[in-house]
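Since the structure comes first, as structure tokens, the remarks are kept for the end.
The values are calculated or read from the model by the stated rules, or taken from the named source; none is laboratory data. Predicted, not measured: the structure shown is a model, and the values here were computed from it. Virtual Cβ from ideal backbone geometry, glycine too; neighbours counted across all protein chains shown. Note: areas computed on protein heavy atoms with side chains; ligands, DNA, RNA excluded. Shrake-Rupley method; radii C 1.70, N 1.55, O 1.52, S 1.80 Å.
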Amino acid sequence: MFEIFRANQLNVMLFLCGACAVMAILLFYTRFLPKDRRKILILMELIAFFLLWFDRLAYVYAGTPGFKGYVMVRISNFFVFFLTSMIVLGFNLYLTDWLMHEGGLPAVPLRLIIVQYAAMTGMLLAIISAFTGLYYYFDETNLYHRGHGFLIAYVIPVFAPIIQYTVIHKNKKCFSRLIYTSLVLYIFVPIVCGIIQVFIYGISLVNMAMVLVSIFLYIFTYLDINDTVEHAHKIEMEGLHEEQESMKRLFDQTATAFVTAIEMKDDFTEGHSLRVAEYAKRIAELSGKSDDECTQVYYAALLHDVGLIGIPDSVIKNEADPDKWDYETIRKKPVIAREILSSITEYPYLSLGAYYSHERYDGTGYPEGLKACEIPEIARIVAVADAYDTMTTKKRYREARSNLVAREMFVKGAGIEFDPEFAENMVKIIDMDNTEKEFEVENEIICNEYREQITSGIPVEREVVRISFDCAFNSNSTVDFTVPSIILFDSFDRRVHKDEKTINEYKYLEFGEIWFDDHSISTAAREIKEMIAMPLNDDRDTYYEIIAGRYEDHVKLIMRSPHYGKEVIVALPGGSKSAYIGITGEHCLVTNIHYEQTGDRYGDGDIERIVEKISYIDRMESDVPNIQIDRKRSASTRGIEIKDKLHIAFHAMSLPDAHLVWHCPYIVIFYSDDMSVNGDNYREYTLLKLNGENEVNDELATNKFSMRKKEDFPGWDAWKDANKAGMECEVSVERKGKHIIIITENMGIRIENITVLKDDIDKIYVALTGDQCALTDIRVK
């Protein structure tokens, strides 16, 4: 193959020279390139042209006798080596121009400066070689031979482009895909050919490769311009879109500024409208609304409270519970809002959201007493979002309610105060936020006086947690001792409370306070047992550590400092109680508070039992063993295979500490290899709560769920009281191929659910579980 190429290379050279000349002429008339870059490209094409032209002449006059042959062979070979370095210099200029203009570099990269001087050195060496025979020499017949320094001639053409490539790669983002490809070809094709040429004599692979890639550099530049034109068109369209978005942003900023100005009337409403807008948009998204509909919901919610501008400050800033006159005044807010927003005729939904967002689903709201679908949908969404933020933020006359209390309000209020669909979606949002939310604990606290500050509660679960902090004497204190301590408690909001109102609101219960010495105080704990343990082996005199975990109704604490260590076992009032650790002290500065999971998990026998377990299942036991579920799904019955149709009856009783409507029995449809919930190869298809909620796994099955309250439903308070007292429950489960049908009716709540399995599975099971309840006398037939 090389012999054929060697025989025809003069013709190939002539063709490539012509191509280079054409490219140079085209570049001369090209107007789409910057002036300097166009000049550099013309220079590169001319260098490539003359490089290959003189290389061809070197072959033509090789061995030609006479003066002309003597002169031409030496001139042509000189320019071949001279222009080889010069083309590296030309490419360096092209690369520098691109990076400085398109790349926006503040200065020429040092490596390109080095290459520039290296190329100039190569040109100088070519001149020296012409007189010394460093690269080549000629015999008496005028034939070319490689000199003893021939390989030096390839140092610049090989290594300089590699250095240039490192700059290209580092600034890759400055180049389009096509330009980057052309640059890579320009660098590496001649290098590869140069390596080959070291071993192949008589073929100008490198020079022809340089000319070829110079041609492609122009072609790729031309193709890149086409892409640039298309991109410019796209930018123009994006500009129009951005202009529209700019108008939206202007409206958003104006609306937000207007709302912020209104909310300045009351510190307790700061940020309320923005939060309501975010919640309302999420509800709309969960309800399957389009992007445009979600945007409309967002702005309707953002402006729903503009009527506050017409409410007297004496009503807004009233720190007592609102009286009748306050309520009558507040009822004017939607009317004022409609008068303000109705002038925005381009967006009529704004006035609808503000005017009707205080209507109730059952028709008992205001201003017009509409009910159900008579209320505009956008207002029904805003009403749910507004209610949630109102409940969970602090008011002048009350503390913020916890998420659990708010969640129960939506479960209980669905179909009464709120649209059932949107209330259900709000519950899902609360659950998602609680699942994704990380527990945040203060990094430091200052306690001049006893319990002056207390950290948020760090949860104590079966997964063992390590808590550490530094505690030093507070220099501002007037006494000469410092004492850190921990408070073990339960509360809906993970905080310690002192006044009766918030204690009742958040169901706060303090189990006890424990110091890092031999002192402790038991309040609601059934018993606290302390045992001496080894102190910390730590050079830090102020370092304290707690290892904490629980199993059922017992908490184990290992509390250590460099001076003292003890193991503490706390028997809680019951297994249904949550447990949190709050760090506090007296006359001390607590810093660097940190907690982390250790990876250990307490199980049966890991914590010494110091009191008997409180049992609520010492009752009749039937087909399935009784279970006591202290915390959400902490226990379950064994799976019962659903073959055809079966009927499950049982006695259910909420535990004494149960406060919420979902503290009741649950029904779970699942599969596992050992017939147990959460067993090997566990797959859960649906979970039904007897209070009318459901949790489904759409990946494994589809579920058609319905819940309705019958006429004999006594109300949620009576329903909870009946659960506390204990009641008989019945569940009907039937399998028809891939369809699992569940029907249950208890205390006026009728639930029907059809689960359709997505996979063929031979065995499917049903089990009973729940949250803070005892299930006994379980009968299956």
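If the chain between residue 292 and residue 761 were fully stretched, how many nm would it gain, using 0.36 nm times the residue separation less the Cα-Cα distance?
164.6 nm
With a ≥ b ≥ c the root eigenvalues of the C-alpha gyration tensor of region 729-781, is it rounded (a/c under 1.5), prolate (a/b larger than b/c) or oblate?
prolate
Once the Cα-Cα distance is subtracted from the 0.36 nm per residue extended length, the residue 141 to residue 631 segment shows a gain of 166.1 nm. For the chain, the longest principal axis of the alpha carbon atoms and the long axis of helix 420-436 meet at an angle near 70°.
In this rough spin-label picture, where each label sits 7 Å from Cα along the Cβ direction, the residue 736-residue 615 distance is 4.3 nm. The simple spin-label model puts a point 7 Å past each Cα toward its Cβ; for residue 362 and residue 531 those points are separated by 5.6 nm. The angle between the Cα long axis of helix 155-170 and the longest principal axis of the Cα atoms of the chain comes to about 20 degrees, rounded to the nearest 10.
As a rough guide to protection, the peptides 621-634, 299-312, 139-152 ranked by mean Cβ packing within 10 Å, highest first, stand as 299-312, 621-634, 139-152. Quick check: the distance between the Cα centres of region 669-686 and region 55-103, to the nearest angstrom? The two parts, judged by their Cα centres, are 78 Å apart. Distance between the C-alpha centres of region 213-241 and region 701-742: 65 Å, rounded to the whole angstrom.
Would you mind working out the magnitude of the charge dipole of region 624-686 relative to its Cα centre, with +1 at each Lys and Arg C-beta and -1 at each Asp and Glu C-beta, to the nearest 20 Debye?
160 debye
When the Cα positions of 400, 364, 379 are compared along the charge dipole of region 355-409, 400 comes out farthest toward the positive end, with charges on each C-beta of Lys, Arg, Asp and Glu. Think of the chain as having a plus end and a minus end, set by charges on the Cβ of Lys, Arg, Asp and Glu; of 591, 15, 262, 15 sits farthest toward the positive end of this dipole.
A 1.4 Å probe, protein heavy atoms only, puts the accessible area of residue 191 near 10 Å². Considering only 652, 124, 114, the residue lying farthest towards the positive end of the dipole of the chain is 124, judged by Cα position with unit charges set on Cβ. Could you work out the local net charge near residue 451, counting Lys and Arg as +1, Asp and Glu as -1, over the other residues with Cβ closer than 9 Å to its Cβ? Here the charged neighbours net out to -3.
Charge dipole (Cα centre; +1 on Lys/Arg Cβ, -1 on Asp/Glu Cβ; no other charges) of the chain amounts to roughly 3640 debye. Taking each DSSP H run with n ≥ 4 as -39500 (n - 2.57) and averaging over every residue of the chain yields -14000 deg cm²/dmol at 222 nm. By a 1.4 Å probe calculation restricted to protein chains, residue 235 has an accessible surface near 80 Å², given to the nearest 10. Summary of packing: across the peptides 411-419, 275-283, the per-residue average of other C-beta atoms within 10 Å ranks them, highest first, as 275-283, 411-419. Is the shape of the chain rounded, prolate or oblate, going by the alpha carbon gyration tensor and its root eigenvalues a ≥ b ≥ c, with a/c under 1.5 for rounded and a/b larger than b/c for prolate? Prolate shape, in that a/c is at least 1.5 and a/b is the bigger ratio. Computed with a 1.4 Å probe over protein heavy atoms only, the accessible area of residue 710 comes to about 70 Å². Peptides 584-592, 698-706, 216-224 ordered by packing proxy, namely the average of other Cβ atoms within 10 Å per residue, highest first: 584-592, 216-224, 698-706. Against the chain, whose longest principal axis is taken from its Cα atoms, helix 205-263 shows a tilt of about 30°.
Label separation (residue 261 vs residue 105): 5.1 nm, computed from points 7 Å beyond Cα along the C-beta direction.
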